[in-house]
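Comments concern the structure below.
Please treat every number below as a calculation from the coordinates, not as lab data. From a predicted model like this one, the values you see are computed outputs, not experimental measurements. Using ideal geometry, Cβ is built from the backbone for each residue, glycine included, and neighbour counts are taken over all protein chains shown.
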Amino acid sequence: MNTSDAGISTNLSMHSSTNNFSGVVLSSSAEIRRLGEVARPLIQKDEAMLDPQFFLASMTKGWGPRVVTVYNAGDLVGIMYTKERVISGIPTGIVYGDGSLGGILLSNPVHQQSAFRAATEMLLASPGIRGLRLLVLRSSGEYDAVTQLIASRSVDGRCSSIENNYAQLWKIHDHLPLAATYEQFLEGLGSTTRHNFRYYRRRFEASGSAFIEILSMDEFRAVARELRPKSKFTAQSALADFENCLDMVTATRRPLAVGLKHRDGKWLSVLGGWYRPGGAVLRFQCNHDVDFNADSLSTVLRAYLIEHLIRLGLKELVIWGGTRAPLSRYVSNPPAIGVRLDVPSFAWRAARMCMAKVGPHLPRRLASAVRWIC
């Protein structure tokens with residue numbers, strides 16, 4: 001789907017027990033982009049994922065932006081970032097928001113819980129929207145707001161712990177805790193992993209190659225594109241997904257871009273992400289493993305990255321979408337809740353019931369989509 005400037009703005013208002021809220025649901029990229037200046041005062045902790053420009057960069061094919069601006073007494077008090085699932089160009093009316101990294105609601109802390117509930121109700125009241133699928137942290141104000149909304153019986157709702165649900169339907173990000181020093185971090189690893197981190201890095205350094213700890217965004221893009229056909233993994237991914245990763249990194253106001261360079265000047269590996277309060281997010285990595293597979297470039301670059309982050313005093317590295325062994329043995333996932341909220345109409349209840357019955361008999365991809373909707 002092309003998420004350019006096509007879209008509509010829906011003006012909505014509501015009354016809560018303590019505050020009058022009004023809001024606008026935006027689906028136009030141009031309108032969302034213009035939120036940049038008014039949103040800036042609300043960004044208290046320099047959280048890159050709460051910037052409208054970053055949200056737009058994160059959009060991929062098959063989704064349409066749905067951003068709710070919430071006002072109280074005429075003042076902007078919250079912006080909620082969600083997106084609607086689109087299949088073959090047809091909006092499904094199902095909206096998704098991922099709050100597992102705090103990237104769903106930008107708000108004045110005083111109004112955080114109320115603004116989230118108001119934005120949720122406004123979305124469900126928006127023409128064409130049938131339901132919301134949210135991922136929120138159990139310890140968050142967003143979760144409290146959702147449980148209150150479900151208790152009000154104004155929506156059909158359900159909350160499920162993702163540990164006991166179908167985790168593959170959600171995007172799970174792994175959190176790797178960092179130690180006070182790099183040596184302490186290594187000591188916390190298993191003996192084989194610790195040996196590999198040390199061995200491959202020493203071998204890399206002995207070869208005369210170098211770790212580059214800062215790349216410009218232009219250089220990051222150029223290196224990533226140069227390495228793509230030389231990587232066993234990224235060469236197999238869709239070009240649109242590859243470019244989306246680069247867009248997300250370069251759109252952030254606090255980018256992270258590091259790499260490895262061979263002694264002859266050729267690039268061996270590049271890694272991109274962004275800094276966030278207390279840590280960093282690893283979004284993208286591309287290695288020249290076609291010719292250097294035996295050098296374990298991924299391990300080497302991550303070892304340098306972890307040491308670099310520890311020197312900066314950061315406490316964790318978040319690996320977007322999860323990681324594989326060996327680091328997968330040392331990560332954790334904050335308790336997150338999958339939330340299903342639906343408009344309480346008989347027709348939509350009947351449609352979900354039918355989809356739930358038919359879903360298990362569909363091809364795997366469609367069956368997963370139906371499970372996510374129902």
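For the chain, the longest principal axis of the alpha carbon atoms and the long axis of helix 217-227 meet at an angle near 70°. Put the Cα centre of segment 40-101 next to the Cα centre of segment 271-305 and the gap is 28 Å.
My understanding is that a pair violates if its Cα-Cα distance is over 23 Å; which of 61/171; 230/261; 171/357; 171/261 do that in this structure? From 61/171; 230/261; 171/357; 171/261, over 23 Å: 171/357; 171/261. In the chain, the longest principal axis of the Cα atoms and the axis of helix 112-125 are about 60 degrees apart. Label residue 43 and residue 192 with points 7 Å out from Cα along Cα→Cβ: what is the distance between them in nm? Distance between label points: 4.3 nm. For the chain, a simple Cβ point-charge model (Lys and Arg +1, Asp and Glu -1, everything else neutral) yields a dipole of about 960 debye relative to the Cα centre. Charged side chains reduced to their Cβ positions (Lys and Arg at +1, Asp and Glu at -1) give segment 174-320 a dipole of some 140 debye around its Cα centre. Compared with the direct C-alpha span, the chain from residue 86 to residue 236 gains 51.6 nm at full extension, assuming 0.36 nm per residue. Please work out the C-alpha center-to-center distance from segment 328-374 to segment 176-241 and express it in whole Å. One Cα centre to the other: 36 Å. Farthest towards the positive end of the charge dipole of the chain, among the residues 58, 323, 21, is the Cα of 323, using unit charges on the Cβ of Lys, Arg, Asp and Glu.
A protection proxy built from the mean count of other Cβ atoms within 10 Å ranks the segments 192-200, 90-98, 171-179, most packed first, as 90-98, 171-179, 192-200.
Just subtract the alpha-carbon distance of residue 328 and residue 202 from 0.36 nm times their residue separation and send over the number in nm, one decimal. Extra length available between residue 328 and residue 202 comes to 43.1 nm.
Within the shell of other residues whose beta carbon sits under 14 angstrom from the beta carbon of residue 201, the net charge comes to +1, with Lys and Arg scored +1 and Asp and Glu -1. Sorted on the mean count of surrounding Cβ atoms within 10 Å across their residues, most packed first, peptides 353-359, 106-112 read 106-112, 353-359. Packing around the peptides 333-344, 267-278, taken as the average count of other Cβ atoms within 10 Å per residue, puts them in this order, highest first: 267-278, 333-344. Among the trypsin sites (Lys or Arg not before Pro) in segment 114-165, those located in a DSSP loop and surrounded by at most 11 other Cβ atoms within 10 Å of their own Cβ are 153.
The modelled label-to-label distance for the pair residue 75/residue 243, using points 7 Å beyond Cα in the direction of Cβ, is 4.2 nm.
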